[in-house]
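FYI, it's all coordinate maths here, none of it is from the lab. Note that the structure is predicted; figures quoted are calculated from it, not measured. Please note: Cβ atoms are built from the backbone with ideal geometry, for glycine as well, and neighbour counts cover all protein chains shown.
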Amino acid sequence: MNNIKISDIISVWQSIISNIFKYSELLKQLVYISLTQQFKKSILGNAWLVIDPLMSIFIWLILHSAGMFNPGETNIPYPAYLLVSISLWTFFVGFFNTIGISITEAGRMLIEVSFPIEIKVTEKIIINIVNFIITLTFCIVVLLFFGINFNVKSLLFIPSIIPLLLFGVSLGLFFSLFEVVFFDIYLVVKRSMRLLMYLTPIVYSTNIKSGFLGTIAKYNPLTYLTSIPRDLLTGVENIELTGFWITSGIVLIIFILVVQFYYLSVNKVIEKILD
């Protein structure tokens with residue numbers, strides 16, 4: 001990673017884009033298979049994309065109603081706040097979980113047919129985006145039920161989740177290398193994702209009265225990557241974007257560096273699977 005040149009970065013991205021176009025038919029087939037099989041053994045099918053967050057919400061609502069948990073002031077009804085927040089968190093973690101095992105999955109396929117690993121990664125990204133669209137549609141219906149008025153600013157929600165996507169992809173790519181070589185490290189990070197959620201304003205507001213959580217939230221990049229999209233979608237006025245822009249810039253740099261490192265390292269890791 002030392003002395004990375006702009007020309008090297010451009011060369012890597014040219015190769016990635018070229019391979020995606022070259023293997024576009026394989027990519028379409030992989031996406032189709034994943035979409036049709038991800039809940040094939042389930043009677044409810046894609047309904048689980050909605051049921052899962054609802055089950056999580058139910059637990060927090062019970063704690064809240066019992067007076068055991070005070071989430072702080074929220075600009076919208078707490079159930080709607082939870083649904084949007086947990087959906088955003090699932091969107092982020094989905095990239096880590098699926099891309100994190102992409103090399104292992106691709107390794108099995110590479111025994112039979114040769115193709116660039118970025119095709120498998122792109123497939124995972126597309127699947128997560130499609131799943132999120134289903135969840136987002138349900139979120140919008142619920143928000144309308146609670147009387148949330150959408151405005152022009154709400155349309156900025158889509159571009160505002162791009163940094164969250166890039167961060168999730170970056171973590172997935174980076175730790176997918178560990179998943180093959182140092183599985184214990186990957187497992188520790190995966191288990192830590194649940195703790196990370198509790199350290200991010202997902203089930204509680206950024207206005208929660210806790211010095212400890214408030215300090216962590218202030219320096220937690222995921223605070224800005226989740227709260228700003230949520231506020232834009234729900235029509236919050238006077239949104240402070242400084243932290244979001246700074247975090248987004250850092251995430252973009254991390255993404256570029258991780259993709260570069262991944263591209264230069266992944267073939268060596270794949271060789272360990274195929275040996």
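If you work out Kirkwood radius over Cα pairs in Å from the coordinates, which of [x] 20.2; [y] 22.7; [z] 19.0 do you get?
[x]
Mean-square fluctuation check for the chain, GNM, Cα pairs under 10 Å: which of LEU213, LEU143, LEU166 is largest?
Result for the chain, Cα springs under 10 Å: LEU213 fluctuates most.
Please get the size of the charge dipole for the chain, origin at its Cα centre, with Cβ charges of +1 on Lys and Arg and -1 on Asp and Glu, quoted in debye to the nearest 20.
Around 180 debye, computed over the chain.
Can you tell me how much longer the chain between GLU237 and PHE212 gets when fully stretched, taken as 0.36 nm per residue apart minus their C-alpha distance, in nm with one decimal?
6.3 nm
How do GLU240, GLU179 line up, fewest other C-beta atoms within 10 Å first?
GLU240, GLU179
Label SER265 and MET55 with points 7 Å out from Cα along Cα→Cβ: what is the distance between them in nm?
3.4
Shape verdict for the range 96-239, please, from the Cα gyration tensor: rounded (a/c under 1.5), prolate (a/b greater than b/c) or oblate.
Cα axes put the range 96-239 in the oblate bin.
Could you point to the residue in ASN207, GLY249, ILE273 farthest towards the positive end of the range 181-273's charge dipole, with +1 and -1 charges on the Cβ of Lys/Arg and Asp/Glu respectively?
The residue sitting farthest along the positive end of the dipole is ILE273.
Would you mind computing, in nm to one decimal, how far apart the modelled labels at ILE62 and ILE33 are, each placed 7 Å from Cα along Cα→Cβ?
Each label point is offset 7 Å from its Cα along the Cβ direction, giving 4.0 nm.
What's the longest bit of the chain with no exposed chymotrypsin sites (Phe, Trp or Tyr not before Pro), using DSSP loop states and at most 15 other Cβ atoms within 10 Å as the test?
In short, 183-275.
Grab the DSSP H runs of the chain that are 4 residues or longer, score each as -39,500 (n - 2.57), total them, divide by all residues and round the 222 nm result to the nearest 500 deg cm²/dmol.
Here the helix-only value at 222 nm equals -25000 deg cm²/dmol.
Indicate the helices, whole DSSP H runs only, in the chain that combine a mean Kyte-Doolittle hydropathy of -1.0 or more with a Cα extent along their long axis of 18 angstrom or more.
6-22, 24-37, 48-65, 78-99, 117-145, 162-181, 183-198, 221-233, 242-274
Compare SER18, SER170, SER102 in a GNM of the chain, Cα atoms joined below 10 Å, and give the one with the largest fluctuation.
Ranking SER18, SER170, SER102 by mean-square fluctuation puts SER18 first.
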